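These notes are about the structure you will find just below.
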Amino acid sequence: MKRRPASVIFATGARYILPLMLLFAFFILLRGHNEPGGGFIGGLVVACGFALFALAYSVADARQILRVDPIQLIGWGLLLALLSGLLSLLLGLPFMTGLWPDFAIPAIGKVGTPTIFDVAVFLVVIGVVLNVVFSLAES
Amino acid sequence: MAQSEITQADSQSPLMAWAMRGGIGWVLSILPLSLTLYFASLLPTITSGTVLRVSYTWIPSLGVDFAFIVDGLSLTFVLLVLGIGTLVVLYAGGYMAGDRQIGRFYLYLFLFMGAMVGLVLADNLITLFVFWELTSISSYLLIGYKHAYYSSRSSALQALLITGAGGLALLAGLVLLGIAAETQTISELGSRHELIVNSGLYAPILILVLIGAFTKSAQFPFQFWLPGAMAAPTPVSAYLHSATMVKAGVFLLARLNPALGDTPAWQITLTVFGAITMALGAYLAVSQTDLKRILAFTTVSSLGTLVMLIGIGGEHGIVAMMVFLIVHSLYKGCLFMVAGNIDHETGSRDVSILSGLRREMPITFGAAALAALSMAGLPPLLGFVGKELIYESTLDARFAAAAVTTVAVASNILMIVAAGMVAVRPFLPTGTTRHSTPRHPHEPPISMWLGPAVLATLSAVFGLFVVQVMQPIVTQGAAAILGEAVEVKLKLLPTSITGYFLLSVLTIALGIVSYLYARPALMQAGKATRGALEDGFVNGFTDLVNNTQAFARWITRALQSGYLRRYVLITIGAVVSVASAALLTRADLSAIRLFDTPLFLWETATILVILAGVALVLRARSRLTAIAGLGTVGFGITLIFFFFGAPDLVMTQFSVETLSVLLFILILYRLPIFTTISHRYSRLRDGIVAGLAGLLMTMITLLTIAGEELKPLTPFYAEASYVEARGRNVVNVILVDFRGIDTMGEITVLGIASLGIYLLLTLRLAPADGQAEAEDSTGKEQL
């Protein structure tokens with residue numbers, strides 16, 4: 001940590017809240033297809049967590065624990081979204097036809113191309129929000 | 001700098017060195033050569049009257065197929081495109097030798113070749129259009145190939161703007177044509193001629209299609225871009241701007257002749273514009289001194305001739321057009337390569353200083369002489385057959401036959417003069433002392449004289465064996481253009497003394513006399529009228545472009561003030577005015593029920609809290625208070641979503657509100673002091689706009705609830721969500737499945753917006769950069 005956090009209570013709280021928020025966001029992302037939730041909301045929650053951390057410590061610290069540049073997340077997310085749509089073209093179906101496998105992955109459920117697409121949305125939202133938050137705070 | 005070092009290193013490798021010396025042309029010409037041979041092998045099938053079709057479904061919901069047709073017309077064009085293409089690819093290897101970017105050049109050239117083949121083979125209006133646009137784009141890249149020169153870039157842009165604008169008109173015309181004919185398949189259009197002509201759409205279709213064809217084929221008043229396109233390397237001029245691409249417009253007219261032709265409007269427009277172009281091009285050609293510009297203007301003239309012949313129509317006109325098309329492609333491709341050879345070997349293209357090259361460049365001279373004889377229309381070359389047929393058809397024209405014939409004779413006389421200037425003057429001794437040229441001339445390598453030699457020889461062979469070689473394919477081509485079978489009899493020499501034979505003799509005699517004695521006068525006349533006829537069009541176009549840019553700058557200044565509050569005002573103001581206009585004229589406002597559901601206590605309380613938040617924001621004396629007020633409004637709305645059972649919205653709104661608060665805190669202390677700087681009247685204006693926006697949203701929401709016609713969607717999604725998309729959360733299924741492409745667009749926009757914000761915040765433009773930008777924009781203004 002490069003500098004003393006502004007508030008010890010806030011900083012300590014942020015350290016424990018962040019993992020919980022990430023876990024919750026992941027949960028929201030996966031249940032999205034059947035229950036309230038989804039990639040968009042999940043992404044916002046993740047972004048909130050890291051923004052909170054950046055506020056408690058510093059943007060540099062938040063970037064460090066994120067490990068990935070938010071801009072890269074946007075790129076990977078968009079690529080993944082495109083790929084999830086292209087998959088159906090290989091089977092001769094129109095672009096972005098939802099494909100669902102017959103088997104379910106334990107604890108997660110069935111993962112179809114819409115699920116992958118939702119993950120892509122998740123990544124893009126994290127990247128977009130954090131990119132804006134970080135660069136605003138840094139400027 | 002670093003890049004040029006790399007290429008220098010590359011050029012030292014033996015393979016690259018060999019490629020740059022011109023060897024690459026031999027290898028690459030194998031592709032177009034094999035394709036030429038393949039299509040030539042279809043000749044027996046096609047000349048027996050068979051038509052080949054192949055089609056793939058592309059966008060079935062719009063009736064668009066990836067459809068192709070091989071008939072007499074398309075096969076003629078394909079063989080010209082690929083055959084001359086083979087020679088040009090070979091020629092470019094020699095001509096461009098030493099060019100480091102030769103790979104890029106060939107990429108563009110093959111891109112164009114593919115587009116042109118697709119264009120002439122297309123049997124679907126939309127397929128045709130796609131290839132049409134590709135030829136415009138690849139032409140732009142090729143004209144601007146020497147992109148370091150300002151003149152190259154501006155000529156390329158000029159050509160792109162004109163052919164691009166024509167392309168847009170053409171797209172509209174083709175779509176209308178598809179609607180009027182109830183089919184997009186080109187080969188079915190002929191049988192629907194009556195339907196199209198009587199549909200009421202005929203006039204707009206005709207105008208739009210003609211704009212497309214005239215811009216592409218450089219017809220009056222768009223003829224000026226073609227001489228400008230001579231900024232391209234000479235192989236490109238030989239290929240695109242004489243033998244192939246500029247004929248795309250002619251091809252289009254020929255292809256659509258069965259669908260749109262045979263009406264007075266078609267005949268008169270094409271004949272008049274074609275004749276004007278023919279005369280203007282020939283007149284301007286003989287006053288030029290640059291070899292390539294002479295050839296460019298004669299090309300304009302020839303394109304005018306072709307359009308005029310389609311306008312005259314009938315069996316005579318169309319047969320003459322088919323023959324002259326081949327005549328022109330052969331001799332003009334040859335002469336451009338000859339001009340390139342002269343330029344390449346002497347360093348000059350100025351006919352006033354070139355002379356006596358016959359001795360140093362005998363093969364080039366031979367090719368040039370043959371091609372020029374064909375251009376002048378002397379027997380036994382193919383050009384003679386072409387000219388006879390042209391006169392036969394103009395004498396036979398359905399209206400103004402005398403006028404059209406006179407214009408044709410005058411143009412052909414000037415063409416003979418131009419042919420002499422291009423192919424006789426630079427090669428024969430002129431009597432006066434020889435000017436020295438920048439380089440000492442000698443015969444170019446074989447790759448550069450083979451093309452002209454082959455094309456010139458073909459001009460002679462096709463002329464001598466006109467019945468055996470030309471007659472079968474011309475018969476089928478004419479049949480395709482006319483939409484009915486025809487019997488064509490071609491002959492090299494007339495069997496009896498006819499009117500058009502006498503005209504031919506007269507033309508040749510007057511042409512030779514004019515070449516010998518009238519050239520200075522023609523040059524003078526051309527120079528005197530150059531301001532109006534040559535530069536006038538270019539300047540007019542430049543003014544048009546500059547005025548458009550000035551208008552765009554004015555709009556930008558008016559709307560893009562750089563103040564966020566102004567953007568918000570304009571955006572919301574625009575939405576309110578457009579949406580309320582629609583609401584007031586289209587919607588049934590009486591359907592709105594204001595108080596048909598009772599409010600519960602907690603709902604009333606939440607609304608009061610939201611209103612209090614709004615009041616707090618409006619009366620805030622510090623940013624923190626304002627943020628707190630806005631947060632109150634946001635979380636209040638979250639509560640309302642919660643009451644009405646929209647958990648997804650609750651979660652999203654909640655996260656967004658939290659994030660907004662976080663963002664505000666992050667930047668709060670960086671903002672300037674919170675003061676009231678706006679005038680009372682501007683606040684009143686903002687208040688009115690904001691109030692109207694709120695009122696509008698309320699009305700739309702109430703209408704949505706009241707509107708019966710909107711209801712059926714809800715049960716559909718509720719039903720289909722689990723059955724078809726295997727998800728029980730309808731909101732999410734709509735986002736990722738039913739309307740997944742929308743979401744994909746949205747996340748792309750989000751990503752781009754985020755990158756934009758990132759750049760705005762992190763990019764600090766140094767003053768020097770700003771200056772460079774300013775200079776760049778003035779450069780554009782000069783276009």
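In the stretch B:167-213, what residues are under 15 Å from the mean Cα position of the chain (by Cα) and either open to solvent by 10 Å² or more (accessible area, probe 1.4 Å) or without any contact (Cβ under 8 Å) to a residue 12 or more places away in the chain (or both)?
B:168, B:169, B:171, B:172, B:208, B:210, B:211
Answer yes or no as to whether residue B:216 is charged (D, E, K, R), under 30 Å from residue B:285 (Cβ atoms) and surrounded by fewer than 23 Cβ atoms within 10 Å (Cβ to Cβ). The answer is no for residue B:216.
Please indicate, with yes or no, whether at least one residue in the stretch B:704-723 is under 19 Å from residue A:29 (Cα atoms) and either within 14 Å of chain A (Cβ to nearest Cβ) or modelled with pLDDT of 65 or more (or both). Yes, because at least one residue in the stretch B:704-723 is under 19 Å from residue A:29 (Cα atoms) and either within 14 Å of chain A (Cβ to nearest Cβ) or modelled with pLDDT of 65 or more (or both). Here the helices (runs of 4 or more DSSP H) wholly within the stretch B:1-67 that include at least 1 residues being at pLDDT 85 or above and over 31 Å from the mean Cα position of the chain (by Cα) are B:30-41, B:43-47. Of all the numbered requirements in (1) more than 11 Å from chain B (Cβ to nearest Cβ); (2) under 17 Å from the mean Cα position of the chain (by Cα); (3) open to solvent by 50 Å² or more (accessible area, probe 1.4 Å); (4) modelled with pLDDT of 90 or more, residue A:76 misses one, and that requirement is (1).
Of all residues in the stretch A:39-69, those satisfying the criterion of being part of a helix (DSSP H, G or I), more than 8 Å from every other protein chain (Cβ to nearest Cβ) and either open to solvent by less than 30 Å² (accessible area, probe 1.4 Å) or closer than 30 Å to residue B:642 by Cα (or both) are A:42, A:43, A:46, A:49, A:50, A:53, A:56, A:59, A:61, A:62, A:66.
Report, by residue number, each residue of the stretch B:734-744 that is in a helix (DSSP H, G or I) and more than 7 Å from chain A (Cβ to nearest Cβ).
Matches in the stretch B:734-744: B:734, B:738, B:742.
Applying the set (1) in a loop (DSSP other than H, G, I, E, B); (2) at pLDDT 75 or above to residue B:765 leaves exactly one unmet item: (2).
Within the stretch B:717-735, can you find the residues that are of a type in the set (Ser, Thr, Tyr) and open to solvent by less than 60 Å² (accessible area, probe 1.4 Å)?
Within the stretch B:717-735, B:717, B:721 qualify.
Does residue B:508 satisfy being outside the structural domain of residue B:280 (by TED's automatic domain parsing), touching a helix residue (DSSP H, G or I) at 6+ places or on another chain (Cβ under 8 Å), surrounded by 11 or more Cβ atoms within 10 Å (Cβ to Cβ) and among the hydrophobic types (A, V, I, L, M, F, W, C)? Against the criterion (outside the structural domain of residue B:280 (by TED's automatic domain parsing), touching a helix residue (DSSP H, G or I) at 6+ places or on another chain (Cβ under 8 Å), surrounded by 11 or more Cβ atoms within 10 Å (Cβ to Cβ) and among the hydrophobic types (A, V, I, L, M, F, W, C)), residue B:508 does not qualify. In the stretch A:31-38 there is at least one residue matching the filter, namely being in a helix (DSSP H, G or I), within 10 Å of chain B (Cβ to nearest Cβ) and surrounded by fewer than 24 Cβ atoms within 10 Å (Cβ to Cβ). Taking residue B:429 as the residue in question, decide whether it is in contact with a His (Cβ under 7 Å, 6 or more places away or on another chain) and either crowded, with 22+ Cβ neighbours inside 10 Å or more than 30 Å from residue B:259 (Cβ to Cβ) (or both). Spelling it out, it is not the case that residue B:429 is in contact with a His (Cβ under 7 Å, 6 or more places away or on another chain) and either crowded, with 22+ Cβ neighbours inside 10 Å or more than 30 Å from residue B:259 (Cβ to Cβ) (or both). When residue B:243 is evaluated against the numbered criteria (1) under 19 Å from residue B:329 (Cα atoms); (2) among the aliphatic types (A, V, I, L, M); (3) at pLDDT 85 or above, which criterion, by number, is the only one it fails? Going through (1) under 19 Å from residue B:329 (Cα atoms); (2) among the aliphatic types (A, V, I, L, M); (3) at pLDDT 85 or above one by one, residue B:243 breaks only (3). Got at least one residue in the stretch B:484-500 being under 30 Å from residue B:73 (Cα atoms), acidic (Asp, Glu) and without any contact (Cβ under 8 Å) to a residue 60 or more places away in the chain? So far as the stretch B:484-500 goes, yes, one or more of its residues are under 30 Å from residue B:73 (Cα atoms), acidic (Asp, Glu) and without any contact (Cβ under 8 Å) to a residue 60 or more places away in the chain. Checking the stretch A:101-122 against the condition returns a match, with at least one residue being farther than 30 Å from residue B:666 by Cα, at the interface with chain B (Cβ under 9 Å from one of its Cβ atoms) and not in a helix (DSSP H, G or I).
If I ask for residues that are of a type in the set (Asp, Glu) and closer than 19 Å to residue A:35 by Cβ, which ones from the stretch B:643-669 would you list?
So in the stretch B:643-669, the residues of a type in the set (Asp, Glu) come out as B:648, B:657.
Within the stretch B:643-669, B:648 is the sole residue that qualifies.
Conditions (1) surrounded by fewer than 17 Cβ atoms within 10 Å (Cβ to Cβ); (2) charged (D, E, K, R), marked per residue:
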residue: B:586; (1), (2): yes, yes
residue: B:592; (1), (2): yes, no
residue: B:600; (1), (2): yes, no
residue: B:611; (1), (2): yes, no
residue: B:623; (1), (2): yes, yes
residue: B:644; (1), (2): yes, no
residue: B:650; (1), (2): no, no
residue: B:653; (1), (2): no, no
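Residue count for the stretch B:311-325, restricted to those that are within 26 Å of the chain's Cα centre (by Cα) and either open to solvent by 10 Å² or more (accessible area, probe 1.4 Å) or not aliphatic (A, V, I, L, M) (or both): 2. For the criterion of being loosely packed, with under 10 Cβ neighbours inside 10 Å, farther than 28 Å from residue B:640 by Cβ and not assigned by TED's automatic domain parsing to the domain that holds residue B:692, residue B:558 passes.
Listed conditions (1) more than 21 Å from residue B:233 (Cα to Cα); (2) crowded, with 18+ Cβ neighbours inside 10 Å; (3) under 22 Å from the mean Cα position of the chain (by Cα) are all met by residue B:164, apart from (2). Going by the conditions given, is residue A:24 within 9 Å of chain B (Cβ to nearest Cβ), open to solvent by 70 Å² or more (accessible area, probe 1.4 Å) and either within 19 Å of residue A:133 (Cα to Cα) or part of a helix (DSSP H, G or I) (or both)? In short, no.
Against the test of being within 45 Å of the chain's Cα centre (by Cα) and at negative phi, the options B:736, B:656, B:661, B:723 yield a single qualifying residue, B:736. Note on the stretch A:80-100: among residues that are open to solvent by 30 Å² or more (accessible area, probe 1.4 Å) and in a helix (DSSP H, G or I), the one that is nearest to the other protein chains (Cβ to nearest Cβ) is A:82.
For the stretch B:310-324, the condition holds for no residue, the condition being that it is in contact (Cβ under 8 Å) with a residue 40 or more places away in the chain and over 30 Å from residue B:266 (Cβ atoms).
The values are calculated or read from the model by the stated rules, or taken from the named source; none is laboratory data. Here the structure is a predicted model, which is why all the values come from computation and not from measurement. Glycine gets a Cβ as well: all are built from the backbone with ideal geometry, and neighbour counts include every protein chain shown. Keep in mind that these areas ignore ligands, DNA and RNA; they rest on the heavy atoms of the full protein, side chains included. Shrake-Rupley method; radii C 1.70, N 1.55, O 1.52, S 1.80 Å.
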